[in-house]
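See below for the structure under consideration.
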Amino acid sequence: MCNLYSLSSSQQAIRDLFKVETDRAGNMPSLPGIFPNYAAPIVHVLDGKRALSMYRWGMPSPKFALKNKKTDPGVTNVRNTKSPHWRRWISPEHRCLVPLTSFSEHNKAAGGDIWFAFGDERPLSCFAGIKLEGWTSVRKVKDGETTDDLYAFLTTEPNTEVGEIHPKAMPVILTTDEEREAWLQADWSEASALQRPLSDGALTIVARGKKGDGV
């Protein structure tokens, strides 16, 4: 599962590629290592316009996963969209784009964190995300109960190059304007077809063994 990714593109590049009309993200720094339970930018539809906002990574966990636990740090990757827990959050109003320039899969034998991108130049792309506003829970004991806007992204079976590092899954990545528009607006009967791996050979390993892709 992908629990680490990077976003090194400028805020203006994000606004341009994803046709953002409303920027609510503030002065956004470069994010060489984005970790679970921390804030990162998403693109979503707000009042009929695409907006850029900072949300916290990790959707609410299913009840069975919280038994005898005092905190819920959240679920970062979502695979089983047929589950009743996730079905309530797959309609268009709960979908978003999660900008990235590279993502990491961990494989100790292969050198630790293995970073994938669409080439050494790390062009901007996005995960197919889901999001939720105003969820109240205890994310960290020291913080107590907080109310957060949350996101996660879908995973699917891996393509060849990711499968050699992590054979169970890879993130769902949207690569065209048409795919991104469908993800944000289409009925699930159409949008669900986007939960599929990239074609073999689409990605390149750009770094190994680092907790951040600080290019």
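The values are calculated or read from the model by the stated rules, or taken from the named source; none is laboratory data. The structure presented is a predicted model; accordingly, all values stated were derived computationally and were not measured. For neighbour counting, all protein chains shown are included, and Cβ atoms are generated from backbone atoms with ideal geometry for every residue, glycine included.
So here's what we get for this one:
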quantity: Scan of the range 41-79 for residues that are part of a strand (DSSP E or B) and more than 15 Å from the chain's Cα centre (by Cα), ordered by number; calculated: V45, L46, K49, R50, A51
quantity: Complete set of residues in the range 144-203 that are in contact with a Ser or Thr (Cβ under 6 Å, 6 or more places away or on another chain) and of a type in the set (G, A, S); calculated: A152, A169
quantity: Checklist (1) in contact with a Phe, Trp or Tyr (Cβ under 8 Å, 6 or more places away or on another chain); (2) under 23 Å from D213 (Cβ atoms); (3) not in a loop (DSSP other than H, G, I, E, B) applied to N37, failing item; calculated: (3)
quantity: Answer residue from the range 1-34, given it is part of a strand (DSSP E or B) and hydroxyl-bearing (S, T, Y) and is nearest to G163 (Cα to Cα) among those; calculated: Y5
quantity: Selected residue (criterion: surrounded by the most Cβ atoms within 10 Å (Cβ to Cβ)) from residues of the range 6-44 that are in contact with a Lys or Arg (Cβ under 8 Å, 6 or more places away or on another chain) and over 24 Å from E121 (Cβ atoms); calculated: H44
quantity: Given (1) out of contact with any Asp or Glu (no Cβ under 8 Å at 6 or more places or on another chain); (2) over 23 Å from D213 (Cα atoms); (3) modelled with pLDDT of 95 or more, number of the condition V98 does not satisfy; calculated: (2)
quantity: Test: residue in the range 124-145 that is surrounded by fewer than 16 Cβ atoms within 10 Å (Cβ to Cβ), touching a strand residue (DSSP E or B) at 6+ places or on another chain (Cβ under 8 Å), closer than 23 Å to I42 by Cβ and among the polar types (S, T, N, Q); calculated: yes
quantity: Complete set of residues in the range 192-207 that are part of a loop (DSSP other than H, G, I, E, B) and either of a type outside the set (A, V, I, L, M) or touching a helix residue (DSSP H, G or I) at 6+ places or on another chain (Cβ under 6 Å) (or both); calculated: Q195, R196, P197, S199, D200, G201, L203
quantity: Search result, residues across the range 102-138 that are farther than 25 Å from K168 by Cα, in a strand (DSSP E or B) and either free of Cβ contacts under 8 Å to residues at least 24 places away in the same chain or in contact with a Ser or Thr (Cβ under 6 Å, 6 or more places away or on another chain) (or both); calculated: E133, G134, T136, V138
quantity: Filter pass, I90 being in contact with a strand residue (DSSP E or B) (Cβ under 8 Å, 6 or more places away or on another chain), at pLDDT 95 or above, closer than 20 Å to I173 by Cβ and not in a strand (DSSP E or B); calculated: yes
quantity: Tabulated pairs, the range 184-210, first hydrophobic (A, V, I, L, M, F, W, C), second surrounded by 16 or more Cβ atoms within 10 Å (Cβ to Cβ) and at pLDDT below 95, C-beta under 6 angstrom, 6+ apart or interchain; calculated: A207/D213
quantity: Of all residues in the range 139-163 being part of a helix (DSSP H, G or I) and of a type outside the set (G, A, S), the one that is nearest to R87 (Cα to Cα); calculated: V162
